[in-house]
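> Sharing a structure with you now.
Nothing in this text is a laboratory measurement; each read-out follows from the coordinates by a stated rule. Predicted model only: the values in this text are computed from it and were never measured. Quick reminder, even Gly has a Cβ in these numbers, built from the backbone with ideal geometry, and neighbours come from all protein chains shown.
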Amino acid sequence: MKMREREMTRPPQPVPTQETQPFWDAARDGRVVLWHCNACGRTAGPLSPRCPDCLSGSLSALTYEGRVLLKGRTVLTVPAYEGQSVPAPVAECVIEDEPRVTLIAADPDDLTRDLAPGTPVTLGFAANGDGVPLATITGGGPS
Ligand SMILES: [Zn+2]
């Protein structure tokens, strides 16, 4: 019963797969890893098993070092899982080099509250017990 109670008060846990393992391994180091298509050069998101443009399966995991931009935000007012504290700000971000790549991050300190879409933000990863680290906004605003 204790395990069940614990699961009910934690956010749903991402389950790394062969395709997403490089992303989660890098997240533990605080890095954002995305896919680089070896056939056409496109950058793809961490959950893409193939290049979204040319469908090549030849992808390399590369650390993304460019800017991350705020695309939008929302504030959850109804808990998404039992035990979640609300209000819970959530940010939708894109990478500057490939705006079709979207990353969703928690914003527990509400750092995006007064930011306009297109503003650079800092994406980090918060420890999550024994689960994979969760994408989190750790800074933002004009520099
Ligand atoms: Zn491609």
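> Given a Förster distance of 22 angstrom, what is the FRET efficiency for SER58 paired with THR122, based on the Cβ-Cβ distance and rounded to 0.05?
Working: r = 31 Å, r/R0 = 1.41.
E between SER58 and THR122, to the nearest 0.05, is 0.10.
> Only sites in a loop by DSSP and with at most 12 other Cβ atoms within 10 Å count here; which GluC sites (Glu not before Pro) in region 1-107 make the cut? Working shown, then result.
On the way: sites: GLU5, GLU7, GLU19, GLU65, GLU82, GLU92, GLU96; in loops: GLU19, GLU65, GLU82, GLU96.
Counting only loop positions with at most 12 other Cβ atoms within 10 Å, the GluC sites (Glu not before Pro) in region 1-107 are GLU65, GLU82.
> Sort ASP53, ASP114 so that the residue with the fewest other Cβ atoms within 10 Å of its own Cβ comes first and the one with the most comes last. All intermediate terms of the calculation are to be shown ahead of the outcome.
Working: ASP53 13, ASP114 9.
In increasing order of surrounding Cβ atoms, one gets ASP114, ASP53.
> Where does the chain land at 222 nm, in deg cm²/dmol rounded to the nearest 500, when only DSSP H runs of n ≥ 4 count, each adding -39500 (n - 2.57), divided by all residues? Walk me through the numbers before you get to the answer.
Details: 2 runs with 15 residues, N = 143.
Only helices count here, giving -2500 deg cm²/dmol.
> Same structure, new question: Chymotrypsin sites (Phe, Trp or Tyr not before Pro) within region 47-133: which are DSSP loop residues with at most 11 other Cβ atoms inside 10 Å?
Filter output for region 47-133: TYR81.
> Another one. Quick check on the chain: what are the equivalent-ellipsoid semi-axes from the Cα gyration tensor, as sqrt(5λ), descending, whole Å? Walk me through the numbers before you get to the answer.
Details: eigenvalues 141, 88, 29 Å².
Semi-axes (√(5λ), whole Å): 27, 21, 12.
> Assign one of three labels to region 88-139, namely rounded, prolate or oblate, based on the Cα gyration tensor with a ≥ b ≥ c the square roots of its eigenvalues; rounded applies when a/c is under 1.5, prolate when it is not and a/b is larger than b/c, and oblate otherwise. Please list the in-between numbers first.
Working: a/c = 2.43, a/b = 1.37, b/c = 1.78.
Judged from the Cα gyration tensor, region 88-139 comes out oblate (a/c at least 1.5, b/c at or above a/b).
> While we're looking at this one, here's another question. Measuring from centroid to centroid over Cα atoms, what is the spacing of region 124-139 and region 61-92 in Å?
11
> Which value, in debye to the nearest 20, gives the size of the charge dipole of the chain about its Cα centre, when Lys and Arg are +1 and Asp and Glu are -1 at the Cβ?
Numbers: 13 positive and 17 negative charges, 40 e Å.
I would put it at about 200 debye.
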